[in-house]
Amino acid sequence: GGKVLFDHKLHVSEEGYGFACSDCHHEIEEEGDEPSACGECHMSESEEDGLKRSDALHQQCIDCHEESGGGPTKCNECHML
């Protein structure tokens with residue numbers, strides 16, 4: 001599908017959307033916990049232990065964009081094809 005250009009700073013800064021790390025990094029239990037990279041648990045093409053990486057990212061991003069009524073939801077709006 002091509003690379004996704006994700007502006008992390010826009011999503012977490014107060015000047016942007018102001019999301020907390022735990023809004024996306026569901027493994028964070030307490031403030032100060034360091035987030036893991038998605039690929040540490042969600043393996044690229046494996047569904048053995050849960051969602052594969054692409055499915056986890058699509059579910060997280062698209063669901064949030066649809067719920068908020070903003071943000072891209074179509075392939076070519078995120079992926080640089």
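Brief remarks on what is shown
- Boolean, Ala20 is without any contact (Cβ under 8 Å) to a residue 40 or more places away in the chain, of a type in the set (A, V, I, L, M, F, W, C), more than 21 Å from Lys3 (Cβ to Cβ) and exposed (fewer than 13 other Cβ atoms within 10 Å of the Cβ): yes
- Within the range 23-65, the set of residues being of a type in the set (Ser, Thr, Tyr) and closer than 17 Å to Val4 by Cβ comprises Ser44, Ser54.
- Flag for Glu77 being at pLDDT 85 or above, open to solvent by 50 Å² or more (accessible area, probe 1.4 Å) and either on the phi > 0 side of the Ramachandran plot or among the charged types (D, E, K, R) (or both): yes
- If you go through the range 27-74 and keep only what is surrounded by 14 or more Cβ atoms within 10 Å (Cβ to Cβ), in contact (Cβ under 8 Å) with a residue 12 or more places away in the chain and part of a loop (DSSP other than H, G, I, E, B), you end up with just His42.
- Residue count for the range 36-78, restricted to those that are of a type outside the set (A, V, I, L, M, F, W, C) and in contact with a Ser or Thr (Cβ under 8 Å, 6 or more places away or on another chain): 6
- Any hit, the range 5-14, residues being more than 20 Å from Cys75 (Cα to Cα), of a type outside the set (Phe, Trp, Tyr) and part of a loop (DSSP other than H, G, I, E, B): yes
The values are calculated or read from the model by the stated rules, or taken from the named source; none is laboratory data. A quick note: this is a predicted structure, and the numbers were derived from the prediction, not measured. When we count neighbours, we look across all protein chains shown, and the Cβ atoms used for this are built from the backbone with ideal geometry, even at glycine. Keep in mind that these areas ignore ligands, DNA and RNA; they rest on the heavy atoms of the full protein, side chains included. Shrake-Rupley method; radii C 1.70, N 1.55, O 1.52, S 1.80 Å.
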